[in-house]
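Structure, as structure tokens:
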Amino acid sequence: MQQENMQSVKLLKQKIRRETLAARNQMPERVWADKSRRIAERILMHPALTAAEHILCYVNYQKEAETVYLIEQCLARGKKAYCPLVSGPEMDFYRIFALSELQSGFRGIPEPPHRQECLYVPDAQKQNALMIMPGAVFDRQRRRIGYGGGYYDRYLQRAGAIVTMAAAFALQVKETIPSEPHDIRPDIIMTENGIV
């Protein structure tokens, strides 16, 4: 019975993800750019970002909320910026010093070079880190449906206490969505309209 319930939750998540991403992907380019900039500006003003020394940030792919401007601004402000690099089932974050270092990687997503000395190593003493994460769908209880790979869930289980902020468009936030025990909720969800 529990197996059936888990299966129906998975199928429902897939349906919600598919419908929400279809709506997101239909956003006109100018609207997408304007809303992305508003999300980035709100993140840049948030105390969690201003206080953080280490910024772990996804690099946008397709119609995800754009992060290039956000990463540029973090670098300009002297923050240490890290972007994800996927290797097999795992993902790690590597420091970049310029956006020009990013190159097409996993599924065509821009990734940093694999330089061991630039690896972000989570540390209990390093409480001044902020992760800006993507997602397909969220709800008002901060539940998150990712893209189905589980990379962020696994990384955060390994990394421990990092403040997490999801960047998403308001249309990606539903009243309530199903979740599974391994799904990690971001601490904050930032849309173009503000914090959820």
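Descriptive notes on the structure:
- Residue 175 fulfils the conditions (1) closer than 21 Å to residue 85 by Cβ; (2) loosely packed, with under 13 Cβ neighbours inside 10 Å except for a single criterion, (1).
- Residue in the range 11-19 that is over 23 Å from residue 180 (Cβ atoms) and either without any contact (Cβ under 8 Å) to a residue 40 or more places away in the chain or within 13 Å of the chain's Cα centre (by Cα) (or both) present: no
- Members of the range 120-134 that are assigned to a strand (DSSP E or B) and over 13 Å from residue 159 (Cα atoms): 132, 133
Per-residue answers, yes or no, for (1) buried (at least 20 other Cβ atoms within 10 Å of the Cβ); (2) of a type in the set (Asp, Glu):
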| site | (1), (2) |
| --- | --- |
| 96 | yes, no |
| 122 | no, no |
| 141 | no, no |
| 152 | yes, no |
| 155 | yes, no |
| 171 | no, no |
| 192 | yes, yes |
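- None of 9, 59 is modelled with pLDDT under 95, hydrophobic (A, V, I, L, M, F, W, C) and touching a Ser or Thr at 6+ places or on another chain (Cβ under 9 Å) except 9.
- Elements of the type helices (runs of 4 or more DSSP H) sitting completely within the range 1-119 and holding at least 2 residues that are of a type in the set (S, T, N, Q): these cover 2-25.
- Residue match in the range 53-69 (condition: closer than 23 Å to residue 159 by Cβ, of a type in the set (D, E, K, R) and surrounded by fewer than 16 Cβ atoms within 10 Å (Cβ to Cβ)): yes
The values are calculated or read from the model by the stated rules, or taken from the named source; none is laboratory data. This is a predicted model, so every value here is computed, not measured. Counting neighbours? That spans all protein chains shown, and the Cβs are built from the backbone with ideal geometry, glycine included.
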